[in-house]
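We did not get these values from a lab; they are worked out from the coordinates using the rules stated. Computed from a predicted structure; not experimentally measured. Cβ: placed from backbone, ideal geometry, glycine included. Neighbour counts: every protein chain shown.
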Ligand SMILES: *Cc1c(COP(=O)(O)O)cnc(C)c1O
């Protein structure tokens, strides 16, 4: 039965661990025609001792079993052996953060999760699947491609696409994606497209510019837009939105209020003409709890979901979702007066122990972290970067940390090295650090 189910789901390889499952599998495997390759081990220890790593290549691996089997030993083994640099994404922490924000919402307020830019670096489909399970209302991505990827991964939640162009219209319809209409030009071209296809009442989202000056209709365009929408009927307005420029910043609270006022005006104009209700939304993560009065009908949760409180109020207990880890490739003693790395910029003052880490700027470890700006965690202590960050490697000074060995794990960011601190050191924001981790770095998903 198990076997039939998994082969139907496209599982190509099945590894059974434990004496009971092994006997079931051997009995059943004879009766199933299109079956995955099967191997069995009597225990986790047996697997770790005998399994070869070469059997895994370009595959997703699902580890599932009762606690007694200690499968976390297998995930550690895989992480260590397969990828030297990994970003661990803790989906349980993400759900915790989701709930932390939901506490601020009225029972009727809907929630849209921002999963643009590969879910702020954390991986779109995996994150979206968990959010869908927890019954949020909407997802939003920046570009059509990102939405298509979610649909292909089986995500069925409504998806808003923020930055559409004509090249993306086909994909919109084919994959049931809902564009944000932000200018009269994009309105016109989408209208013509829908008309050509004979489509009526296609769901769209109308964005107004209330001060960001990025995308959106001006408030004084609301009336004409409403008339067009009503008369042509090719689109139906699912929601109306705007974006706050500084919801995290108390100094900008006055401006936030102005933005909300302009937004309300635009919504009222549309509402008067359209005679049907639509969702109104303006608050992002910081807006959700700094401005609970501006929830309207929905909020858009972004960075907070991934464990960063952009307002730094310390009122929210969030858990870091992403941990970026690497390992030490080599350790050497370098004499006083020598230098480390390109251009001799890392000058060694006293005889030092220098460790070479398997991460560089091609992985998203910014060159700005060079020459002491960045620190990594080794055996729970901080070790500064020495010299310039290289493309694939970075050297750190571990002189003050005892017992470090080659192969040891190093934390780049996570619980011990908060992303906020790292961002500050490099003069940037957590958003940039998170979304810079390159696709070369494997994502490993953890659920507790
Ligand atoms: C990215 C984005 C958000 C989320 O912002 P956070 O600060 O990450 O919560 C909300 N709305 C729009 C339009 C966005 O582009």
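General remarks:
- Across region 229-287, the number of residues qualifying as more than 33 Å from the chain's Cα centre (by Cα) and not in a helix (DSSP H, G or I) comes to 4.
- Residues that are assigned to a loop (DSSP other than H, G, I, E, B) and either over 24 Å from the mean Cα position of the chain (by Cα) or over 27 Å from residue 124 (Cβ atoms) (or both), drawn from region 417-448: 427
- Complete set of residues in region 289-310 that are over 19 Å from the mean Cα position of the chain (by Cα) and within 12 Å of the ligand (Cβ to nearest atom): 289, 290, 298
- Counting residues in region 156-165 that are free of Cβ contacts under 8 Å to residues at least 60 places away in the same chain and farther than 25 Å from residue 284 by Cβ gives zero.
- Within region 106-133, considering residues that are assigned to a loop (DSSP other than H, G, I, E, B) and within 16 Å of the chain's Cα centre (by Cα), the one nearest to the ligand (Cβ to nearest atom): 115
- Screening region 223-249 for residues that are surrounded by fewer than 21 Cβ atoms within 10 Å (Cβ to Cβ) and within 16 Å of the ligand (Cβ to nearest atom) and picking the one that is farthest from residue 300 (Cα to Cα) gives 249.
- Any pair with Cβ under 9 angstrom, 6 or more apart, that starts in region 346-364 at a residue that is at positive phi and ends at one that is buried (at least 19 other Cβ atoms within 10 Å of the Cβ) and part of a strand (DSSP E or B): 364/324
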